[in-house]
């Protein structure tokens, strides 16, 4: 009996040590300050900008990062996905010397309820699409004033592409052009198409476990896709089949590692990041599902450019192509990334940056 207690005691001790070591690693990598921008030789770029700031937006303090090799460059506001998933900690590890910051002053904003902007005191009733659009406008106004710009560029990924479309529709006067990455159009239809693909693919390759788990859900149910389906099956299976966040070499473990090692957040901001993801998703996901952009948002007063991975089922590539054809805008273009799923900006960064730069030269 004593030996059993000894084994249990040892296991508990090892768990405690592992937790303490993990917390120590996170703390050591959490100074809460961005490293300076460096060139390909590792030298700090003179006059560059790498800054973390908070400003009052929509009645609360909201955090963001500013990065630029030359702060005189055009300004670009990046709207992250999720809802509730700031992407800069991940994008930081995929950037090359051809990064957006070479040609733009980029603002990576942690939206209301997400990342370092998350707070337990945030009123859930303010987590609405209308408020997020208003927050985006105020963030835009701040950037315009700070960098003395009449207009800026707006870029949105996934949920951010939904928010971006609704923002340029309501406030076109602020933007030179809009870039959509993994462009949302009709997410209900997208989710059903993804379900059909995964079920068929699972049957074809003999993935009986996936078939069994998928058949627990009814794509024609009134609550499809439920948050249970999204969080327990859909996302993990998409990533397994290369049709989710990335087409190749993606794992949630790599995302966790990116966040743990990201130096721009403090320890508590990393804890807030974790809490902000379900908080934002719970309050904003239904807004994404409720709106069919084919029916509500096809006419714009600013140029619209869509970049989309060919293998993307997280937000349907095929539907994005159809939506693009329905759009009426002063200029528009659609760019297919042949080796990407949902994140062409991270999967094929050089091509992505070159496309965005060329568009900037056309519209500046």
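No lab work stands behind these numbers, since they all come straight from the coordinates. Quick caveat, the model's predicted, so the values are computed rather than measured. For neighbour counting, all protein chains shown are included, and Cβ atoms are generated from backbone atoms with ideal geometry for every residue, glycine included.
How long are the three semi-axes of the equivalent ellipsoid for the range 163-259, computed from the Cα gyration tensor as the root of 5 times each eigenvalue, in whole Å, largest first? List each step's numbers first, then the result.
Numbers: eigenvalues 179, 68, 29 Å².
Each semi-axis is the square root of five times an eigenvalue, giving 30, 18, 12 Å.
Given a Förster distance of 30 angstrom, what is the FRET efficiency for residue 260 paired with residue 294, based on the Cβ-Cβ distance and rounded to 0.05? In this case the efficiency is close to 0.15. Remark: spin-label model distance residue 33-residue 310 equals 4.6 nm, labels positioned 7 Å along the Cα→Cβ axis.
Assuming R0 = 51 Å, can you tell me the calculated FRET efficiency for the pair residue 208 and residue 148, based on Cβ-Cβ distance, to the nearest 0.05? Write down the numbers at each step before the final one.
Numbers: r = 61 Å, r/R0 = 1.19.
Once the sixth-power term is evaluated, E becomes 0.25.
Can you give the log10 of the normalised intensity I(q)/I(0) at q = 0.10, 0.11, 0.16 Å⁻¹, computed with Debye over equal Cα scatterers of the range 98-194? Computed log10 I(q)/I(0) values: -0.31, -0.37, -0.77. Cα-based radius of gyration for the range 219-364, normalised by 2.2 N^0.38 Å, reads 1.19.
The distance between label points at residue 224 and residue 51 comes to 5.0 nm (points 7 Å beyond Cα on the Cα→Cβ vector). Scaled against 2.2 N^0.38 Å for its residue count N, the alpha carbon radius of gyration of the range 225-276 is 1.34. At full extension, residue 331 and residue 215 could sit 37.4 nm farther apart than now, given 0.36 nm per residue minus the alpha carbon distance.
Most simply put, the chain has about 40% antiparallel DSSP beta bridges, counting only bridges with both residues inside it.
Could you compute how fast the chain diffuses translationally, taking Rh as the Kirkwood radius over C-alpha pairs and applying Stokes-Einstein at 4 °C with viscosity 1.567 mPa s? Give it in µm² per second. Intermediate results must be reported in sequence, preceding the final value.
Working: Rh = 21.5 Å.
In µm²/s, the coefficient is 60.
Taking 7 Å steps out from each Cα toward its Cβ at residue 121 and residue 236 produces label points 3.7 nm apart.
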